[in-house]
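Colleague: There's a structure below that I have some questions on.
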């Protein structure tokens with residue numbers, strides 16, 4: 001049964017897929033927690049090619065390098081082909097809807113989509129979890145370190161916890177069905193290098209203890225579907241206070257989210273996007289209105305996304321003949 | 001039904017109970033995680049008295065203060081009576097099997113037993129979780145701070161996570177049925193003040209991140225009954241390296257536990273006891289042999305306990321006429 005499925009996909013010429021955006025860090029879960037978004041993501045098409053290796057045929061919506069070794073999708077795909085010892089060739093087309101530098105896993109989506117699509121066409125030799133290290137190579141190109149906190153949720157869906165990156169150890173966490181995210185993207189540039197530079201390399205033991213208490217409670221809240229506990233756990237007194245200065249009107253956004261009924265809010269990835277989590281899409285839309293009200297008073301252009309947490313990672317939309 | 005049960009207990013003269021020992025900290029879960037032990041604990045008898053308030057009638061096995069306000073069980077019981085606005089009186093007898101200062105929650109057991117027993121005789125007006133703050137008053141007397149990481153598991157059983165102490169926020173975590181603990185108590189004194197003094201008040205962000213990744217993974221492993229993940233998560237690179245110097249032959253103990261097949265090991269509470277967790281009592285007994293081998297080569301007297309993790313807290317053994 002598994003073999004016939006594999007052979008069937010091997011005869012396919014290509015696949016069209018949705019590569020989801022993701023939120024990394026998630027308050028107390030700095031550097032380890034991530035979640036997958038349903039309504040925001042890139043569309044990609046992966047097609048077999050007579051030419052071995054990877055060719056990025058075109059990228060719509062953004063000006064990004066087409067040379068495979070300089071493109072996150074290309075690098076991730078090449079890592080997969082090398083591990084699979086494959087002499088096959090693939091073409092990648094990307095409709096880039098997630099803006100690079102927005103802080104919702106733009107590079108991770110491209111990398112995850114590339115490896116998930118090729119894996120599909122190879123007859124699914126790898127699990128989604130096993131694809132994470134290949135996608136991490138894309139992250140290494142994009143930001144200099146092969147982190148997994150965006151590619152893990154983009155591939156595995158829901159909430160993920162990266163216990164360790166070397167060797168890789170990722171936990172797929174259950175995700176309450178009603179959980180929804182609101183993301184505001186202020187259109188300013190926050191350089192990852194700046195976001196790193198403001199971090200204090202030593203932190204108080206007392207606050208670190210509070211942080212790991214919150215991470216433990218947050219994981220429990222996901223299993224228990226306890227939205228109140230989730231809300232109480234969505235606190236970050238270590239990284240957020242340092243990084244808040246990089247995001248205009250951050251304190252007002254947080255207050256507005258809370259007043260609008262959000263379970264919690266924080267910086268998405270290394271910013272500038274700010275996320276809030278809510279119970280249900282209605283609540284998430286109310287939070288969006290509250291965020292909008294804060295930012296329309298400013299001169300800063302912005303966009304807002306509202307999305308359920310996506311239970312699965314990359315979605316395959318259509319087999320291509 | 002509940003009312004008749006309550007009345008029935010109100011007519012009881014007393015109760016004999018088992019107040020369990022507990023392990024706090026549990027590697028990465030410093031200051032927040034704790035677990036309850038099945039085979040080690042105090043026996044207590046709580047009886048109604050004509051005299052309002054609390055009288056400690058006698059303590060067998062240890063030389064501890066009988067004056068209620070100077071005794072952890074007395075202080076905890078008085079906190080409960082005050083909150084309950086009760087003019088009733090109770091006598092407490094303690095058969096103290098857990099050695100004070102051993103690092104397995106001796107004071108917590110007395111405090112938990114006292115409040116659980118009185119609550120039982122009052123007709124159970126409080127849940128086990130609601131009893132935690134009263135028992136914490138005993139801890140305040142015993143060590144100067146009203147911490148909950150031993151009293152929470154002693155009252156609630158299994159694994160507990162204290163997300164916050166003020167206001168109190170405790171999560172009851174599921175506990176895999178086969179999980180068993182081995183505890184070696186080297187009969188030396190480690191002063192809590194020394195154990196506190198060796199702690200570094202600032203820690204590296206990198207290690208703190210690793211710690212909260214492990215706490216999150218450990219909580220997930222309990223829900224998933226994933227003993228391998230539990231084992232990988234039982235790591236503490238923050239507190240253990242500082243405190244290890246207080247415990248003779250700590251490194252050898254850890255190596256011996258690992259070689260004998262333990263899932264992980266660490267300092268119990270603030271020491272001097274060292275615990276290991278294993279899958280199954282057979283494995284836990286093998287770990288006990290390995291610990292014994294390390295310590296019989298030394299001049300230091302010791303005792304070793306082997307116990308399943310207790311799924312429930314204080315156990316009521318017998319109603320007293």
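The values are calculated or read from the model by the stated rules, or taken from the named source; none is laboratory data. Here the structure is a predicted model, which is why all the values come from computation and not from measurement. Positions of Cβ are generated from backbone atoms using ideal geometry, with glycine treated the same way; all protein chains shown enter the neighbour counts.
Colleague: Can you tell me which residue within the range A:133-148, out of those that are more than 14 Å from chain B (Cβ to nearest Cβ) and touching a strand residue (DSSP E or B) at 6+ places or on another chain (Cβ under 8 Å), is nearest to residue A:44 (Cα to Cα)?
Modeller: So the first thing to find is which residues in the range A:133-148 are more than 14 Å from chain B (Cβ to nearest Cβ), and the list is A:133-144, A:146.
If we keep only those that are touching a strand residue (DSSP E or B) at 6+ places or on another chain (Cβ under 8 Å) as well, we get A:133, A:136, A:146.
Numbers: A:133: 20, A:136: 18, A:146: 22 Å.
Residue satisfying both the conditions and the ranking: A:136.
Colleague: When you go through B:130, B:172, B:146 one by one, which is the residue that is in a strand (DSSP E or B) and surrounded by fewer than 22 Cβ atoms within 10 Å (Cβ to Cβ)?
Modeller: On the way: B:130 fails: in a strand (DSSP E or B); B:146 fails: in a strand (DSSP E or B).
That would be B:172, the only listed residue that is in a strand (DSSP E or B) and surrounded by fewer than 22 Cβ atoms within 10 Å (Cβ to Cβ).
Colleague: Output the number of residues of the range B:76-96 satisfying the condition of being in contact with a helix residue (DSSP H, G or I) (Cβ under 9 Å, 6 or more places away or on another chain) and either assigned to a loop (DSSP other than H, G, I, E, B) or within 30 Å of residue B:181 (Cα to Cα) (or both).
Modeller: 9
Colleague: Right, something else. Can you tell me which residue is farthest from the other protein chains (Cβ to nearest Cβ) among those in the range B:149-169 that are part of a loop (DSSP other than H, G, I, E, B) and surrounded by 24 or more Cβ atoms within 10 Å (Cβ to Cβ)? Can you show your working first?
Modeller: At the first step, the residues of the range B:149-169 found to be part of a loop (DSSP other than H, G, I, E, B) are B:149-150, B:157-158, B:166-167.
Retained after the next criterion (residues that are surrounded by 24 or more Cβ atoms within 10 Å (Cβ to Cβ)): B:149-150.
On the way: B:149: 10, B:150: 15 Å.
The qualifying residue farthest from the other protein chains (Cβ to nearest Cβ) is B:150.
Colleague: Additional query: Residues of the range A:5-31 being away from every other protein chain (no Cβ under 14 Å) and at pLDDT 95 or above, which ones? It would help to see each step written out before you state the result.
Modeller: We begin by selecting, within the range A:5-31, every residue away from every other protein chain (no Cβ under 14 Å); these are A:5-23.
Passing the criteria: A:14, A:15, A:16, A:17, A:18, A:19, A:20, A:21, A:22, A:23.
Colleague: Tell me the residue from A:177, A:155 that is in contact (Cβ under 8 Å) with a residue 40 or more places away in the chain and within 23 Å of residue A:117 (Cβ to Cβ), please. First the steps, then the outcome.
Modeller: On the way: A:177 fails: within 23 Å of residue A:117 (Cβ to Cβ).
Within the list A:177, A:155, the selection yields A:155.
Colleague: Now for a different question. Being crowded, with 24+ Cβ neighbours inside 10 Å and either in a helix (DSSP H, G or I) or assigned by TED's automatic domain parsing to the domain that holds residue A:271 (or both) is the requirement here; does residue A:188 meet it? First the steps, then the outcome.
Modeller: Values: crowded, with 24+ Cβ neighbours inside 10 Å: no; either in a helix (DSSP H, G or I) or assigned by TED's automatic domain parsing to the domain that holds residue A:271 (or both): yes.
So residue A:188 does not fit the description; no.
Colleague: Between a residue in the range A:123-151 that is in the same structural domain as residue A:69 (by TED's automatic domain parsing) and any residue that is part of a loop (DSSP other than H, G, I, E, B), which pairs come within a Cβ distance under 6 Å, given they are 6 or more apart or on different chains?
Modeller: Short answer, once both residue conditions are applied: A:128/A:313; A:132/A:148; A:136/A:146; A:136/A:148; A:139/A:146; A:139/A:147; A:140/A:146; A:150/A:105.
Colleague: Can you find even one residue in the range B:283-290 that is crowded, with 20+ Cβ neighbours inside 10 Å and within 20 Å of residue B:29 (Cα to Cα)?
Modeller: The answer is no; no qualifying residue exists.
Colleague: Can I ask one more? Condition first: touching a strand residue (DSSP E or B) at 6+ places or on another chain (Cβ under 7 Å) and more than 8 Å from every other protein chain (Cβ to nearest Cβ). Now tell me which residues in the range B:229-257 satisfy that.
Modeller: Of everything in the range B:229-257, those that are touching a strand residue (DSSP E or B) at 6+ places or on another chain (Cβ under 7 Å) and more than 8 Å from every other protein chain (Cβ to nearest Cβ) turn out to be B:231, B:234, B:236, B:240, B:243, B:247, B:248, B:250, B:253, B:254, B:257.
Colleague: Quick check on the range A:94-116. Is at least one of its residues over 28 Å from residue A:175 (Cβ atoms), assigned by TED's automatic domain parsing to the domain that holds residue A:25 and modelled with pLDDT under 95?
Modeller: Scanning the range A:94-116 turns up no residue that is over 28 Å from residue A:175 (Cβ atoms), assigned by TED's automatic domain parsing to the domain that holds residue A:25 and modelled with pLDDT under 95.
Colleague: Residue B:303 - would you say it is surrounded by fewer than 18 Cβ atoms within 10 Å (Cβ to Cβ) and touching a strand residue (DSSP E or B) at 6+ places or on another chain (Cβ under 7 Å)? Give the derivation first.
Modeller: Details: surrounded by fewer than 18 Cβ atoms within 10 Å (Cβ to Cβ): yes; touching a strand residue (DSSP E or B) at 6+ places or on another chain (Cβ under 7 Å): yes.
Here the answer is yes, as residue B:303 does meet what is asked.
Colleague: All but one of (1) over 23 Å from the mean Cα position of the chain (by Cα); (2) buried (at least 19 other Cβ atoms within 10 Å of the Cβ); (3) under 30 Å from residue B:210 (Cα atoms) hold for residue A:258; state the number of the condition that does not hold.
Modeller: (2)
Colleague: Can I ask one more? For the subset of the range B:32-56 comprising residues that are within 14 Å of another protein chain (Cβ to nearest Cβ) and part of a strand (DSSP E or B), which member is surrounded by the fewest Cβ atoms within 10 Å (Cβ to Cβ)? Can you show your working first?
Modeller: In the first step, residues of the range B:32-56 are kept if they are within 14 Å of another protein chain (Cβ to nearest Cβ); the result is B:32-35.
Next, from what is left, pick out any that are part of a strand (DSSP E or B): B:33-35.
On the way: B:33: 28, B:34: 30, B:35: 31.
Out of the qualifying residues, it is B:33.
Colleague: Looking at the range B:29-54, I want the residues that are at positive phi and have a partner that is surrounded by fewer than 24 Cβ atoms within 10 Å (Cβ to Cβ) and not in a strand (DSSP E or B) with Cβ atoms under 6 Å, at least 6 apart or on another chain. Which pairs are those?
Modeller: Between residues of the range B:29-54 that are at positive phi and residues that are surrounded by fewer than 24 Cβ atoms within 10 Å (Cβ to Cβ) and not in a strand (DSSP E or B), the close pairs are B:31/A:209.
Colleague: Still on this structure: Could you check how many residues of the range A:195-228 are surrounded by fewer than 22 Cβ atoms within 10 Å (Cβ to Cβ) and more than 7 Å from chain B (Cβ to nearest Cβ)?
Modeller: 12
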